[in-house]
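The values are calculated or read from the model by the stated rules, or taken from the named source; none is laboratory data. Note that the structure is predicted; figures quoted are calculated from it, not measured. No Cβ is skipped: glycine too gets one built from the backbone with ideal geometry, and neighbour counts run over all protein chains shown. Each accessible area value is taken on the protein alone, full model and side chains, heavy atoms only, with ligands, DNA and RNA left out. Shrake-Rupley method; radii C 1.70, N 1.55, O 1.52, S 1.80 Å.
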Amino acid sequence: MVSPRKTDIIGRNIASCCAVSPSLSPTLPQEPDLAFTRRRLLHSGALIAATPAIKILTGASSFEAAYAATTSADLKWRHGLSLFNDVKYPEGFKKFDYVNPEAPKGGTVRQIALGTFDNFNPVVAGVKGSIAGAVGFIYESLTTPSLDEVSTEYGALAEAVSYPDDYSFVVYRLRKEAKWHDGKPVTPDDVIFSLESFTKHHPHYRAYYRHVVKAEKTGDRDITFTFDAPGNRELPQIVGQLLVLPKHWWEGTDAKGAKRDISATTLEPPLGSAAYKIKSFEAARFVALERVKDYWGLDRNFNVGRNNFDELRYEYFRDSTVALEAFKGDQVDWRTENIAKNWATAYDFPAVKEGRVVLEEFPNRSSGVMQAFALNIRRDKFKDVRVRRALNFAFDFETMNQQLFFGQYKRIASYFEGTELASSGLPEGKELEILETVRAEVPAEVFTTPYSNPVGGSQDAVRRNLREGMKLLKEAGYEVRGGKQVDSKSGAPFEVELLSEDPSFERVLLSYKPSLERMGLTVSTRTIDPTQYENRLRNWDFDVVVASWGESLSPGNEQREYWGSHAADMPGSRNVVGIKNAAVDKLIERVIFTKDRADLVAATKALDRVLLWHNYVVPQWTYSKVRTARWDRFGRPAEMPKYGLSAFPALWWYDADKAAKVGKRS
């Protein structure tokens, strides 16, 4: 699913996560190739929130009176909504500017999926089983994002939305023509059932929607969501991104007469409402979807020029090297390349030289990222900030970049790398004003020293960095005995395990390992299968892992799940590091309740700066473009959307003339 919306960028919305379009996932680590892995589908880390369940139809809220006093005539209905700015497209617009309304329908596109699957139920994805990626294409949400605007949504299942100036509630009105694939209408009951199911059975959604204290049907096609407090301008959009499921289908029985269970995994193809439905599959082998010919939204403005392929087929591979060879052999049509070495050396086969395979990079303007060695500060050995900083001094990125990555990458120096939200220099203006509110609770360097990573790349620089790292370890209470760093009091050696789930990342770990050992650390590397890896992360059973946090251009509520204290001890949360810091919590709230864009930028920079100076992670690298390779059988719009990355496959189409020149598929 092509989208710059936040839930997709941070990999947390099942609809997007399961859309199996690696070209749209800038949040994935740049090495190795994790283009579409089980790890991505599990979207690592659902929060087990210590918050009450949403009240469905009953229960009280301190803000109910605000809605009760508002009649339907008082509501200001909108066809779209934006976080801070006016929407670009007027009511009744015919199409998005970036689509080709004349795009032909037809053809098949074959894509890569890594890992396996045994489940089509998105409600328990990441909690039970392994979700099949393609399932995201069969469902829709209340709104759909614009790919040439920041944080802007227009009606999809919903035709209109209304909320008051204080954002204390939101009302969505469904389109009367919206239907499930069995012909039954999409109703408010479906929306309420979906919210209740996700929040009851999936701890991430329980946390993500915890500010929705009530959901109720308030008209034939209206659903009202009441929030726990005013002022959180992001909540109306977050609610609009809810994946809507068919209540009548999930509460019915299957072909054998057994009652379906929304809390369990299933391989029965579910009923959907979107442009595609599951055509056929073989567990762990492939999933094929077919375009719904009588899809209710075919000619609606938000769908013009989209969903042009008759069939989307996803071939599963357990190994990324095998997947690459399958692409070379024309067994799949499209590949997103996340390995610099492959991009530099693996695409010199005849079809590339003949022009039958096209290599193309697409700029990523829609998101930022922090990818890093994440240190588990729940463990005593990582609690001292000097120890954490020492591990950064051991990381010689510059040499690694040249030797392993062909000089393609840039070192990350911000939790919002690649966006205007990244801090730099010294704080000033509004950012400084915000930081003053937590001055006594943050490292002094926040105000005195611009953050920077150690720079290696030469023997002298590496030696200098290692000396500095060893100095920090000594200050933290370690000393060298017999060439090994040990605790000065207990004599226990400083042992570190670098944990991974992907064999292709081993070369990175093995490159980092000798530098750590030169500082006297006892280091081991271990690569385990995805299931073991996920279980260890859920239980915080690790020293150091590679983690990646995608950031939208409008950060907000998800920051609580990334860095908030409430998430630190919740098994499986995105707070992989285990951060519990009062100042960080305060700055997160400051980000969430900003009043305008300038305030958001300042608050986010303040949060970024504080996170950096706590040295919670050892930042890795990033690349500002998405590398893609394709067999040249497809057409695309002349002008690609600014925030859509490659926009594949949603905006592309099968070009029969090009396909004839490329030749028959394998």
Checklist line | Residue identified as in contact with a strand residue (DSSP E or B) (Cβ under 8 Å, 6 or more places away or on another chain) and in a loop (DSSP other than H, G, I, E, B) among PHE373, PHE395 | finding: PHE395
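Yes/no matrix, rows are residues, columns are (1) open to solvent by 20 Å² or more (accessible area, probe 1.4 Å); (2) more than 24 Å from SER554 (Cβ to Cβ); (3) outside any strand (DSSP E or B); (4) at pLDDT below 95:
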site: ILE192; (1), (2), (3), (4): no, yes, yes, no
site: LEU195; (1), (2), (3), (4): no, no, yes, no
site: PHE198; (1), (2), (3), (4): no, no, yes, no
site: ALA207; (1), (2), (3), (4): no, no, yes, yes
site: ASP220; (1), (2), (3), (4): yes, yes, yes, no
Check: Any idea which of VAL446, VAL523, VAL496, VAL455 is within 31 Å of the chain's Cα centre (by Cα) and in a loop (DSSP other than H, G, I, E, B)?
Finding: VAL455
Next item on the list: Kindly check whether there is at least one residue in the stretch 593-601 that is at pLDDT below 95, among the polar types (S, T, N, Q), farther than 30 Å from GLN532 by Cα and out of contact with any helix residue (DSSP H, G or I) (no Cβ under 7 Å at 6 or more places or on another chain).
Entry: no
Next item on the list: Name every residue in the stretch 499-526 that is over 26 Å from ALA567 (Cα atoms) and among the hydroxyl-bearing types (Ser, Thr, Tyr), in order of residue number.
Entry: SER504, SER511, TYR512, SER515, THR522, SER524, THR525
Item checked: Qualifying positions in the stretch 406-445 - open to solvent by less than 80 Å² (accessible area, probe 1.4 Å) and closer than 18 Å to SER548 by Cα -> TYR409, ARG411, ILE412, ALA413, SER414, TYR415, PHE416, GLU417, GLY418, THR419, LEU421, ALA422
Check: Restricting attention to the stretch 520-536, which residues are of a type in the set (Ser, Thr, Tyr), surrounded by fewer than 19 Cβ atoms within 10 Å (Cβ to Cβ) and in contact with a strand residue (DSSP E or B) (Cβ under 9 Å, 6 or more places away or on another chain)?
Finding: THR522, SER524, THR525, THR527
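Residue-wise test of (1) within 22 Å of PRO649 (Cα to Cα); (2) without any contact (Cβ under 8 Å) to a residue 40 or more places away in the chain; (3) open to solvent by 40 Å² or more (accessible area, probe 1.4 Å); (4) touching a Phe, Trp or Tyr at 6+ places or on another chain (Cβ under 6 Å).
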position	(1), (2), (3), (4)
GLY252	no, yes, no, no
GLY257	no, yes, yes, no
THR265	no, no, yes, no
SER273	yes, no, no, yes
LYS277	yes, no, yes, no
Notebook entry, point to check: Which of the residues belonging to the stretch 567-581 are open to solvent by less than 10 Å² (accessible area, probe 1.4 Å), in a loop (DSSP other than H, G, I, E, B) and of a type in the set (A, V, I, L, M, F, W, C)?
Noted result: ALA568, VAL576, VAL577, ILE579
Checklist line | Those residues of the stretch 430-443 which are closer than 14 Å to LEU611 by Cα, among the β-branched types (Val, Ile, Thr) and part of a helix (DSSP H, G or I), in sequence order | finding: none
Notebook entry, point to check: Regarding ALA215, is this residue buried (at least 21 other Cβ atoms within 10 Å of the Cβ), within 30 Å of ASN575 (Cβ to Cβ) and not charged (D, E, K, R)?
Noted result: yes
Margin query: I'm told VAL387 meets every condition in (1) touching a strand residue (DSSP E or B) at 6+ places or on another chain (Cβ under 9 Å); (2) within 20 Å of SER548 (Cα to Cα) except one. Can you identify the failing condition by its number?
Written below: (2)
Notebook entry, point to check: Limited to the stretch 537-550, what total is found for residues that are among the acidic types (Asp, Glu) and open to solvent by 50 Å² or more (accessible area, probe 1.4 Å)?
Noted result: 1
Note to self: What's the number of the only condition in (1) open to solvent by 10 Å² or more (accessible area, probe 1.4 Å); (2) touching a residue at least 24 places away in the same chain (Cβ under 8 Å); (3) under 30 Å from GLY429 (Cα atoms); (4) outside any loop (DSSP other than H, G, I, E, B) that LEU553 fails to meet?
What the structure shows: (4)
Next item on the list: Among the residues of the stretch 486-510, write down those that are surrounded by fewer than 15 Cβ atoms within 10 Å (Cβ to Cβ), over 12 Å from SER524 (Cβ atoms) and among the aliphatic types (A, V, I, L, M).
Entry: ALA492
Check: Does the stretch 319-336 hold any residues that are within 21 Å of LEU289 (Cα to Cα) and either part of a loop (DSSP other than H, G, I, E, B) or in contact with a Pro (Cβ under 7 Å, 6 or more places away or on another chain) (or both), and which are they?
Finding: ASP330, GLN331, VAL332, ASP333, THR336
Checklist line | Residue tally, condition at positive phi and either among the hydrophobic types (A, V, I, L, M, F, W, C) or in contact (Cβ under 8 Å) with a residue 40 or more places away in the chain (or both), over the stretch 367-422 | finding: 2
Notebook entry, point to check: Would it be correct to say that ASN85 is polar (S, T, N, Q), surrounded by fewer than 16 Cβ atoms within 10 Å (Cβ to Cβ) and part of a loop (DSSP other than H, G, I, E, B)?
Noted result: yes
Check: What do you reckon, is LEU298 in a loop (DSSP other than H, G, I, E, B), of a type outside the set (Lys, Arg) and without any contact (Cβ under 8 Å) to a residue 40 or more places away in the chain?
Finding: yes
Next item on the list: Determine, yes or no, whether ASN303 is closer than 26 Å to ALA351 by Cβ, assigned to a loop (DSSP other than H, G, I, E, B), modelled with pLDDT of 95 or more and not charged (D, E, K, R).
Entry: no
Next item on the list: May I ask you to say which residue of PHE494, PHE447 is under 30 Å from PHE542 (Cα atoms) and at pLDDT 95 or above?
Entry: PHE494
Notebook entry, point to check: Quick check, is GLU290 at pLDDT 95 or above, surrounded by fewer than 18 Cβ atoms within 10 Å (Cβ to Cβ), assigned to a helix (DSSP H, G or I) and not basic (Lys, Arg)?
Noted result: no
Notebook entry, point to check: Inside the stretch 610-663, can you point out the residues that are closer than 30 Å to VAL387 by Cβ and assigned to a strand (DSSP E or B)?
Noted result: VAL617, VAL618, PRO619, TRP621, THR622
Next item on the list: Within the stretch 306-345, track down each residue that is of a type in the set (Gly, Ala, Ser) and touching a helix residue (DSSP H, G or I) at 6+ places or on another chain (Cβ under 9 Å).
Entry: SER320, ALA340, ALA344
